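Below is one structure, written out as structure tokens; the observations come after it.
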Amino acid sequence: MWSLNLLASSERLRKLRADAAAARRPDDGEIPVGQVTLRYAAATDAFRLQELAELDSASVPQGPALVAEVDGRLRAALAIDGSAVIADPFHRSTELIELLRTRAAQLSATA
């Protein structure tokens, strides 16, 4: 009986390890994202921008700003003039900030 329990436990441990390995992030550090949206901040974003600024221990960017949402959640914001940026410190944001900077540069080039 003991060997049957050991065999069952070993198989369960093998399955748990395989499931954990499958759930891990890829080695290259990519995080799967469903949808990223870059857009102008609207007046209705004021509360969410304030919350984001508080998380980042920073001030809300003044004047026109761009925001980055990941799956509908506000993750970063950038003043159009590039003077201020805020981002959620609990999520990777380097790439989002670069996207916002690129989009701000595109917008200023067409203005």
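The values are calculated or read from the model by the stated rules, or taken from the named source; none is laboratory data. Since this is a predicted model, take the numbers as computed values, not measurements. Virtual Cβ from ideal backbone geometry, glycine too; neighbours counted across all protein chains shown.
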Out of contact with any strand residue (DSSP E or B) (no Cβ under 6 Å at 6 or more places or on another chain), among the hydrophobic types (A, V, I, L, M, F, W, C) and not in a loop (DSSP other than H, G, I, E, B): does that describe Ala77? no
Determine whether segment 97-105 contains at least one residue that is modelled with pLDDT of 90 or more, over 16 Å from Phe47 (Cα atoms) and hydroxyl-bearing (Ser, Thr, Tyr). yes
Picking from Asp56, Asp81, which residue would you name as being over 23 Å from Gln35 (Cα atoms), surrounded by 12 or more Cβ atoms within 10 Å (Cβ to Cβ) and more than 13 Å from the chain's Cα centre (by Cα)? Asp81
